[in-house]
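Below: one structure, written as structure tokens.
The values are calculated or read from the model by the stated rules, or taken from the named source; none is laboratory data. None of the values given here were measured: they were computed from a predicted structure. All Cβ positions, even for glycine, are placed from backbone atoms using ideal geometry, and neighbour counts span all protein chains on display.
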Amino acid sequence: MKIKKDKNIMIVLMIFILLFSGMFSVKAVNNGNNKPIHGKVVKIESGGNKNSQRFSNVDVKIISGKLKGRTITVQNFVGGKIKDENSSTQSFVKVGDEVLINVDKYDKNGNVQKAYIYEIVRYKYLYKLGIFFVLLLIIIGGKKGIKSVITLAITGFMVLKVLIPLVIQGFNPVIVSSVICMIAIVVNLVIIGGKNEKTLSAIIGTFGGVLIAGFIALFSNSIIRVNGLTDDQMQSIIYVAQNSNFDFPGLLFAGIIMGALGAVMDVSISIASSVKEIEDAKPDITVKELIKSGMNVGKDIMGTMANTLILAYVGGAMYIMIMVSSYSYSSSVTTAVDQDVIASEILKALAGSIGLIFAIPITTVVAALLVKRHRNRSKEISEPEGEK
């Protein structure tokens, strides 16, 4: 039976590794002659100034597409503020770098007339880092690590292949993200914890915390009316997705509950596991004592996880913190907080943290009740058999 179970786990893992690899496969968008091609920098030459930007001429050998093998010269522009004439014009690319090149213009013979460096090739290294992360999970975590990889693949698939495409097509982000979260909660926790009272408690607690975070987000945003994006960002999304009917407040809601989901799920399963372990160690413990013990564990977790959630939001929006500091020099902090992008980040952190805090008592009470009920039922079933 154990061999069969292990075989099933490996089959499921293989399926989701395939999904995972397919999900993150490179799909270049074909925009005619503007399709990026791969090249390798072989030489950096002298440069100059153009439209207040300094640049250097770079010789790039094409390593993909119909121009493979040819060497072309492109301009490598240097972004940012250049303080003096001695500033390096080679800060963007170096000899040996792989780059993506956009070709703007060909002549009638198919030779490149105008091209520029689009970006440095980074995805190869990021893929290797991702594979290292997955291997680390499996090597150190064993079966638990394998389950973590499976849940990660499921969550990534639902977000990238279900949530994002539906939102781009114009579906309500609030409804779509809520359904995705519900499915993710159930599937992930069942895979990690199995079908038992502990998992059910964690599911109910996570549902409660995420729903409260979502309610706080919706209610608060009905008052402060933010969308979390600048005008330029909104115009870029509308232009790229070719959809002028985006529900931007809905996107903010989706970001809040998706951001809170991981932390709330972590807290819920930790508390449910703790309650189960306490009850196993002391079967005669009362529900009241079990709730008290669970809350003590929850209080210890609460401080660190609230910090983790807020720091995650801060880390993802460091430029917002810079804006706050900049405003505080020229104006008041209140003026800074009133800015749309700043207010939305604060709302994300607070709504997610409030949901996390509520998840603690919900999970504790539900876990204590379910675990004790299971113990009592098991006792009722075993007692008649013992009497016989």
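Scan region 189-229 for residues that are touching a Lys or Arg at 6+ places or on another chain (Cβ under 9 Å) and of a type in the set (S, T, N, Q) and report the count.
Total satisfying the criteria: 2.
Can you name the residue in region 331-369 that is modelled with pLDDT of 90 or more and hydroxyl-bearing (Ser, Thr, Tyr) and is also surrounded by the most Cβ atoms within 10 Å (Cβ to Cβ) among such residues?
Restricting to residues being modelled with pLDDT of 90 or more and hydroxyl-bearing (Ser, Thr, Tyr), the top hit is Thr363.
Just to be sure, is Leu229 of a type in the set (A, V, I, L, M, F, W, C), modelled with pLDDT under 85 and surrounded by 18 or more Cβ atoms within 10 Å (Cβ to Cβ)?
yes
Residue under question is Ala202, and the condition is that it be modelled with pLDDT under 90, closer than 30 Å to Ser148 by Cβ and either part of a helix (DSSP H, G or I) or of a type in the set (Phe, Trp, Tyr) (or both); does it hold? Give the steps one after another, and end with the answer.
Values: modelled with pLDDT under 90: no; closer than 30 Å to Ser148 by Cβ: yes; either part of a helix (DSSP H, G or I) or of a type in the set (Phe, Trp, Tyr) (or both): yes.
So Ala202 fails the test.
So, Lys161, is that one in contact (Cβ under 8 Å) with a residue 40 or more places away in the chain and more than 22 Å from Ile256 (Cβ to Cβ) or not?
Values: in contact (Cβ under 8 Å) with a residue 40 or more places away in the chain: yes; more than 22 Å from Ile256 (Cβ to Cβ): no.
No, not satisfied.
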